[in-house]
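Participant: I'd like to ask you about the structure that follows.
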């Protein structure tokens, strides 16, 4: 097991740039994606491609890695990629660490933690906030659940693509914190939608309205990053509602 050898499982909208930050920081990264062509595209995009590689199964990617990151779709995907017959946990060595960046349930986080712990593997549930732009710019906020020792070992690696990494408590705490985040975001998006609709119905220049109120107390990340696209009926953010 090499501390500079990492694996990243799941190269979607978020995972693709996150894995890229690791490679550019000098780590040797083995990637896995369910659609193999996506992994090949990632390899082709890396200037240091000779240090990196792809694998056709999570287990093959995770073998020998000191830290394995994953960012997939939902609870079922987490179970398949982490705990399935070709899952990462079966191939990981004692003392290695699995970090799950998926926005999933606290239940599945605790399930994976228990399975990993039985094999002497550390596990952190570590969902992220900041969207595609945050992933691309390396400015994500990561909320982490797990034990302090595992967190301390993984934090310098996670900081490669984050502006803030915070341990929130034991297993599942990262996912519970992300739920709080999503509740708050939902309220902000609803209020922003109502405001945009009101401005349009009142005959105001919506873009100008967003510009001026964005300089006052109504300003928010959602307004800055979603307001203009919402006003233009563009909702292709690449994330599932469920």
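Participant: Quick one: in segment 92-107, of everything that is free of Cβ contacts under 8 Å to residues at least 40 places away in the same chain and touching a strand residue (DSSP E or B) at 6+ places or on another chain (Cβ under 9 Å), which residue is surrounded by the fewest Cβ atoms within 10 Å (Cβ to Cβ)?
Facilitator: The residue in question is 92.
Participant: Take the conditions at pLDDT 90 or above and surrounded by 12 or more Cβ atoms within 10 Å (Cβ to Cβ) and apply them to residue 194. Does it pass?
Facilitator: Here the answer is no, as residue 194 does not meet what is asked.
Participant: Would you confirm, using the coordinates I've provided, whether residue 202 is out of contact with any strand residue (DSSP E or B) (no Cβ under 9 Å at 6 or more places or on another chain), surrounded by 13 or more Cβ atoms within 10 Å (Cβ to Cβ) and either over 30 Å from residue 8 (Cβ atoms) or in contact (Cβ under 8 Å) with a residue 60 or more places away in the chain (or both)?
Facilitator: no
Participant: When you look at residue 162, is it touching a strand residue (DSSP E or B) at 6+ places or on another chain (Cβ under 7 Å) and free of Cβ contacts under 8 Å to residues at least 60 places away in the same chain, yes or no?
Facilitator: yes
Participant: Now a separate question. Please state which of the following conditions residue 200 fails to meet, knowing it meets all the rest: (1) closer than 20 Å to residue 122 by Cβ; (2) outside the structural domain of residue 139 (by TED's automatic domain parsing).
Facilitator: (1)
Participant: Let me ask another. Yes or no: residue 22 at pLDDT 95 or above, buried (at least 19 other Cβ atoms within 10 Å of the Cβ), in a helix (DSSP H, G or I) and in contact with a strand residue (DSSP E or B) (Cβ under 7 Å, 6 or more places away or on another chain)?
Facilitator: Yes.
Participant: Also, I was wondering about something else. Could you tell me how many of the residues in segment 102-137 are part of a helix (DSSP H, G or I), touching a helix residue (DSSP H, G or I) at 6+ places or on another chain (Cβ under 8 Å) and at pLDDT 95 or above?
Facilitator: 10
Participant: Just checking, does segment 171-193 include any residue being in contact (Cβ under 8 Å) with a residue 12 or more places away in the chain and in a loop (DSSP other than H, G, I, E, B)?
Facilitator: Scanning segment 171-193, I find at least one residue that is in contact (Cβ under 8 Å) with a residue 12 or more places away in the chain and in a loop (DSSP other than H, G, I, E, B), so the answer is yes.
Participant: Sticking with this structure for a sec: For segment 135-144, does any single residue satisfy the condition of being farther than 17 Å from residue 70 by Cα and buried (at least 17 other Cβ atoms within 10 Å of the Cβ)?
Facilitator: no
Participant: Report yes if some residue within segment 147-154 is at pLDDT 95 or above, closer than 20 Å to residue 9 by Cβ and surrounded by fewer than 20 Cβ atoms within 10 Å (Cβ to Cβ); otherwise report no.
Facilitator: Taking every residue of segment 147-154 in turn, at least one turns out to be at pLDDT 95 or above, closer than 20 Å to residue 9 by Cβ and surrounded by fewer than 20 Cβ atoms within 10 Å (Cβ to Cβ).
Let's see how each residue does on (1) under 13 Å from the mean Cα position of the chain (by Cα); (2) surrounded by fewer than 16 Cβ atoms within 10 Å (Cβ to Cβ):
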site: 9; (1), (2): yes, no
site: 16; (1), (2): yes, no
site: 32; (1), (2): no, no
site: 38; (1), (2): no, no
site: 41; (1), (2): no, yes
site: 70; (1), (2): yes, no
site: 82; (1), (2): no, no
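The values are calculated or read from the model by the stated rules, or taken from the named source; none is laboratory data. In this text, all values refer to a predicted model and were calculated from it rather than measured experimentally. Backbone-built Cβ (ideal geometry, glycine too); neighbour counts: all protein chains shown.
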